[in-house]
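This report concerns only the one structure given below.
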Amino acid sequence: MVKERARILVVGGGYVGMYTALRLQRKLKPEIKRGEVEVTVVTQDPYMTYQPFLPEAAAGSISPRHVVVPLRRVLDRCRIVVGEVRSIDHAKRTATLTTLATEEEGAGAEQLSYDELVLAPGSVSRTLPVPGLADHGIGFKTVEEAIGLRNHVIEQMDIASSTRDPAIRDAALTFVFVGGGYAGVEALAELEDMARYATRYYRNLRPEDMKWILVEASDRILPEVGEDMGRYTVTELRRRNIDVRLRTRLESCADRMAVLSDGARFPTRTVVWTAGVKPHPLIAATDLPRTDRGRLKCTAELTVEGTPHAWAAGDAAAVPDVTAAQPGTHTAPNAQHALRQAKVLGDNIAHSLRGEPLRTYAHAYAGSVASLGLHKGVAQVYGRKLKGYPAWFMHRVYHLSRVPTFNRKARVLAEWTLSGLFKREIVSLGSLEHPRAEFELAAGGKSPQNTDDDPKGSS
């Protein structure tokens, strides 16, 4: 039994936030019913995005709504607050946040008190001061960005198909991806696969007309799948006429011109930035201990080091890897660890409230899988290396088993089955990003927004 009433604040509705709250409402179900425990989840979005499915959503293999999980449905015993935590004063057990209501009312920030804190805000894109990046770059961390990029790629093909200007056509059909990790490689591979298929519906476009360029600063891509599979991926991408440039950096993309460190220059209307992540800025707005890289200092029990009643996991937490041979190693900031850490984190909070001993988080890295387009992939799982169709099939099976709720599993499986029976849907819905533009024009208001400088190129 819980010793006294506990208010648990979970900051973040991503992998760790959702799964921790889900674990808590299962483990503490009797206490929640009796009013002894209250779990509050503060999240910027009322849904959790299953990010491994973003490349397939961008390619049209999965509907956007099936990539997200509604938190209010899954966390029906928790209080969901859609807002943003601005700062945390753990010494006073208070969080300062803004919500949609406070912004609408102009009331400013409000204070929320808690007894136990779970800090899981995740990460944000790590950007560099590259000229033109803020104006023309496209990220790939949210479902909105994934669908926006899909719309953008198809619109560039429409522009190239209809223009008579060779310079405009060349820029429209040049797609530059910066970053050779999971996000960059999978997004490029899936979208190139989709665009290649789409060219059959354009009379004056051929797959060879498009330029797909992957820029990576290090000497390898997909380090998670091992060096051999990384080299195979480079070979496979180059076989598809994708220009893979290792040991190369993007120095500028101002004036829609991608300038690389090797001297190459590419006129382009598409620069996708996937060059790593960094801890969420909220971590710096707390009084909790941090590492040199800005992550929270944590113990193997997922408590914040030297700070009672504070817990953390996921991308923003430096959790000791007790399975590593080298002391001082931390777990990698990936979904594999986040999902498992959330389970231990939820259990440990329940144990702590009941005065029981805590568990140590220990998980040896099992391996990784990556999709390179339809029926293509690479994998290294428990030392076994797979490529081609077997790796792609394992990628789908693994992520289908990990996506939360039976509802989502069934819907995703149904979509995959239907996509195998029917042709791809190749359509751009960029106008969804500005749904009032046509009505504003009809009503005599301002004209539709000029999107020539819109980094997503939406209409």
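Values quoted throughout were computed directly from the atomic coordinates according to the rules given, and no laboratory measurement underlies them. Everything numeric here is computed off the predicted structure, so don't read it as measured data. Ideal geometry is used to build each Cβ from the backbone, glycine not excepted, and the neighbour counts take in all protein chains shown.
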Q) So what's the net charge close to Leu413: Lys and Arg +1, Asp and Glu -1, counting the other residues with Cβ under 14 Å from its Cβ? A) +3
Q) Given a cut-off of under 8 Å on Cα pairs at least six residues apart, what relative contact order in percent is computed for the chain? A) 18
Q. Three principal axis extents, largest first, for the C-alpha atoms of region 1-103, in Å?
A. 51, 32, 22
Q: Would you please name the GluC sites (Glu not before Pro) within region 168-261 that are DSSP coil residues with at most 12 other C-beta atoms within 10 Å of their C-beta?
A: none
Q | the chain: projected area of the alpha-carbon convex hull, averaged over directions, in nm² | A | 24.4
Q) What nm distance separates the two modelled labels at Phe406 and Arg238, each placed 7 Å from Cα along Cα→Cβ? A) 4.9
Q | Net +/- balance of residues flanking Gly306 in space, Cβ distance below 14 Å, scoring K and R +1, D and E -1 | A | -1
**Q.** Alpha-carbon gyration tensor eigenvalues x 5, square-rooted, for region 91-170, Å
**A.** 43, 16, 13
(Q) Over the Cα atoms of region 177-282, what radius of gyration and what Dmax do you get, in Å? (A) 14.6, 50
Q.
Suppose a student asked you for the relative contact order of region 184-262, using Cα pairs under 8 Å spaced at least 6 residues apart; what percent would you report?
A. 26
Q: Only loop residues by DSSP count here, and only those with at most 16 other Cβ atoms within 10 Å; note down the GluC sites (Glu not before Pro) in region 76-161 that meet that.
A: none
Q: At most 14 other Cβ atoms within 10 Å and a DSSP loop assignment: could you name the trypsin sites (Lys or Arg not before Pro) in region 27-85 that fit?
A: Arg34
Q: Could you check what % of the DSSP bridge pairs in the chain are antiparallel, to the nearest 5?
A: 50
